[in-house]
Amino acid sequence: MISVSAVTKRYPQGLEALKDVSFEIEDGEMAFITGHSGAGKSTVFRLLAAIERPTSGSIVVDGQNLAALRRGAIPYLRRKLGLIFQDQKLLFDRNVLDNVLLPLSIVGLPAREAVRRARAALDKVGLLERERVQPIALSGGEQQRLAIARAVVNRPSLLLADEPTANLDSESASQILDIFRSFHQVGVTLVIATHDAQWMARFSSRVLRLERGRLIGDNT
Amino acid sequence: MNGFFSQHYAAQKSAARRLSSSPLNTLLSLIVIGIVLALPAAGWVMLDNLQGFAGNLPGVQQISLFMMVDTGEKEAAEIGSRLREANPGKWWFVARDDALKHLTETEGMGDVVAGLTKNPLPDAFVVEPGDSRPEVLERLAETFRSWPAVAHVQLDSAWSRRLDLFLRIGRLAVSLLAVLLAGALVAVTFNTIRLQILAQAAEIEVSRLIGATDAFIHRPFQYFGVLHGALGGLFALLLVAGIGRILAAPIGELFALYGSGFIPSGPSPSQAGAIVGIGAALGWLGARISVAIHFRG
Ligand SMILES: Nc1ncnc2c1ncn2[C@@H]1O[C@H](COP(=O)(O)OP(=O)(O)OP(=O)(O)O)[C@@H](O)[C@H]1O
Ligand SMILES: [Mg+2]
């Protein structure tokens, strides 16, 4: 499903954020990407989501080489991914339900079916009773769960999350983890970037360890 | 296909929501667009009315042929047959006795005529040409002047010429005004859309990140421009119709003074459609340009 080979990423004015990184993630796998702040975790996330292009090397996601992807093809790739951003990127000018409806309106799902699916996604993350609430009125953990509902409402087979438990207390964090685990159980591939080592230990999952842009560990 | 329609429907809804979410802004810019469109639209409707008035004015398109005073039936018959042959339109003969009788009946002229010992008026023909363009009238008059026993040809086209010229200048002025104000309308829409794009920056960014195409992102702004322009056009139409109602009665009286039965009217259904349609088209153009510039690269 994901194949990263010899990828280097150099930002315009910056130094190299990733240096010669290679790894593969199989369908249905759940993998963590970890490392200190500035190690390059978010850079991997952005490369896999085709938000950035690698400076060199190749990245294949769902059979497509992202290094050579046409600009016009990017939206269609993104629709197959579920993305959970470090800063969540919720829209605060509309309620919880409308936030989850956005990806469905992008793919042009008819309104009735879209509402049905959005409610199902909200139910999965325990926010169904709060569908009319504005996101600003949600707690940090609830906002993160809303971001997850929006990411999964299109039923992606690959879920990419960047620091999904940042700034959450351990109870909220473990709620999020349980949600991820339930996706893993139904065969969704998950790639989770986090510096939060404590809860990776609770999964017997694969951990890719980055340090200053280099992959220094890959234990399954 | 289903997805296609629901996407367009969603874009229309989103455009309508953006319009109604800031009612004061919307109202103010609709007033600006309405007035901007109303100016040339009112000019256009007025010129249309003037044209109708001109076409209805009796006597304007008449050519009178006066015979020499000492000519008789033979010459008149000759002119009659030439007119039949030339077939310039409607024409009739006015015998000198009939002309005198008519003059007697004209207010204030009775006494003058009574004092005459003999009829000073000549026989005459009156021609109402089928084609009333000034240059055609001019050419006909020239032909009539060359005919035998014709003393004088009077072409009442000075009036018609002036009116025609006035209409031409008016049309040119309205067209120039329309072009200028169309530019203003495009600029107003451009700026409104620019502010919309800034205000929607978060939604645009998120939409892109989760798989929206350029078309999906641009579409609501284009619908917004169309809707905005069409509503401005509708407002302009109300203004023009209102002005028309106020002016209809006094202008009708004025027309009547010139012997025209022409009744001034407000914008016709096709003009109304055109005003709203042009508003929508210019709104779309402003939105297109704004979107093209602000989403460049
Ligand atoms: N847009 C950018 N332009 C220039 N340099 C960047 C940009 N984004 C990241 N970097 C640099 O690339 C390196 C890796 O950044 P990245 O965001 O991937 O780290 P991270 O592991 O996600 O860190 P954190 O845990 O703090 O989120 C850092 O040195 C950072 O300063
Ligand atoms: Mg990061």
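For the stretch B:135-157 versus the stretch A:147-220, the spacing of their alpha-carbon centroids is 99 Å. The angle separating the long axis of helix A:140-152 from the principal Cα axis of greatest extent in chain A is about 80 degrees.
So what's the stretch B:170-252 giving for Cα Rg divided by 2.2 N^0.38 Å, two decimals?
1.60
Distance between the pseudo-spin-label points of residue B:9 and residue A:211 (7 Å out from Cα toward the beta carbon): 5.8 nm. Apolar share of the accessible surface for the stretch B:93-203: 62 percent from carbon plus sulfur atoms, 1.4 Å probe. Measuring r between the beta carbons of residue B:263 and residue B:111 and using R0 = 35 Å, the FRET efficiency lands at 0.40.
Only DSSP H runs of four or more residues enter the estimate; each adds -39500 (n - 2.57), and after division by the residues of the protein assembly as shown the mean residue ellipticity at 222 nm equals -18500 deg cm²/dmol. Projected label points at residue B:95 and residue B:184, each 7 Å from Cα along the beta carbon direction, are separated by 6.4 nanometres.
A Förster radius of 30 Å, combined with the Cβ-Cβ distance separating residue A:167 from residue A:129, puts the computed FRET efficiency at roughly 0.80. A prolate overall shape is assigned to chain B, the ratio a/c of its alpha-carbon gyration tensor axes (a ≥ b ≥ c) being 1.5 or greater and a/b exceeding b/c. Taking a point 7 Å from the Cα of residue B:292 along the Cα-to-Cβ direction, none of the residues of the stretch B:1-39 has its backbone N closer than 12 Å to it.
Spacing of the modelled spin labels on residue B:254 and residue A:203, each 7 Å from Cα toward Cβ, amounts to 8.2 nm.
Normalised per residue, the accessible area of the stretch B:63-154 is 62 Å², obtained with a 1.4 Å probe and no contribution from ligands, DNA or RNA.
Surface calculation, 1.4 Å probe, protein heavy atoms: residue A:184 sits at approximately 60 Å² accessible.
Against the main long axis of the alpha-carbon atoms of chain A, helix A:111-124 sits at an angle near 70°. Shown for the stretch A:139-154: residues covered by the partner protein chains by 20 Å² or more of accessible area relative to the chain by itself (probe radius 1.4 Å), namely A:150.
For the stretch B:205-244, heavy-atom accessible area (probe 1.4 Å) falls by no less than 10 Å² from the chain alone to the full protein assembly at B:205, B:206, B:207, B:208, B:209, B:210, B:211, B:212, B:213, B:214, B:216. Remark: the stretch A:1-102 carries a charge dipole of roughly 420 debye about the Cα centre, counting +1 on each Lys and Arg Cβ and -1 on each Asp and Glu Cβ. Could you check which residue among B:284, B:91, B:147 shows the biggest mean-square fluctuation in a GNM of chain B with a 10 Å Cα cutoff? So, out of B:284, B:91, B:147, the one fluctuating most is B:147. Using only the Cα atoms of the stretch B:6-109, build the gyration tensor, take square roots of its eigenvalues as a ≥ b ≥ c, and label the shape rounded, prolate or oblate: rounded if a/c is under 1.5, else prolate if a/b is larger than b/c, else oblate. The shape class here is prolate.
Helices of chain B meeting both criteria, an alpha-carbon length of 27 angstrom or more along the long axis and an average Kyte-Doolittle score not below 0.5, with helices taken as full DSSP H segments, are B:23-56, B:157-199, B:214-257, B:269-294. Within the listed set A:59, A:176, A:74, the residue fluctuating most in the Gaussian network model of chain A (springs between alpha-carbon atoms under 10 angstrom) is A:74. For the stretch A:1-127, what class follows from the C-alpha gyration tensor (a ≥ b ≥ c being the square roots of its eigenvalues): rounded when a/c is under 1.5, otherwise prolate if a/b is larger than b/c, else oblate? It comes out prolate by the Cα gyration axes.
Distance from the C-alpha centroid of the stretch B:175-208 to that of the stretch A:46-122: 28 Å, rounded to the whole angstrom.
Per residue, the solvent-accessible area of the stretch A:130-220 (1.4 Å probe, heavy atoms of protein chains only, all protein chains present) comes to 46 Å². Hey, what D do you get for the stretch B:174-217 in µm²/s if you plug the Kirkwood alpha-carbon radius into Stokes-Einstein at 37 °C and 0.692 mPa s? For these conditions, the coefficient is 265 µm²/s.
Taking every DSSP bridge with both residues inside the protein assembly as shown, close to 65 percent are antiparallel. One way to sum up the overall shape of the protein assembly as shown is the equivalent ellipsoid from its Cα gyration tensor, whose semi-axes run 85, 23, 17 Å, largest first. Contact with the other protein chains removes 50 Å² or more of accessible area, compared with the isolated chain and a 1.4 Å probe, from these residues of the stretch A:47-89: A:71, A:78, A:89. Interface between chains B and A: roughly 1600 Å² of accessible area buried, both sides summed (probe 1.4 Å, protein heavy atoms only).
Please report the equivalent ellipsoid semi-axes of the stretch B:63-154, computed as sqrt(5 x eigenvalue) of the Cα gyration tensor, largest first, in whole Å.
Gyration-tensor ellipsoid for the stretch B:63-154: 26, 15, 11 Å.
Just to check, using Stokes-Einstein with a Kirkwood Rh over alpha carbon pairs, what's the diffusion coefficient of the stretch B:144-214 at 25 °C and 0.890 mPa s in µm²/s? Approximately 136 µm²/s, per Stokes-Einstein. At the listed q of 0.07, 0.08, 0.12 Å⁻¹, the Debye profile of chain A, built from one uniform point per Cα, gives log10 I(q)/I(0) equal to -0.21, -0.28, -0.63.
The values are calculated or read from the model by the stated rules, or taken from the named source; none is laboratory data. Because the structure is predicted, anything quoted here is derived from the model rather than measured. So basically every Cβ, Gly included, is an ideal-geometry build from the backbone, and we count neighbours across all protein chains shown. Keep in mind that these areas ignore ligands, DNA and RNA; they rest on the heavy atoms of the full protein, side chains included. Shrake-Rupley method; radii C 1.70, N 1.55, O 1.52, S 1.80 Å.
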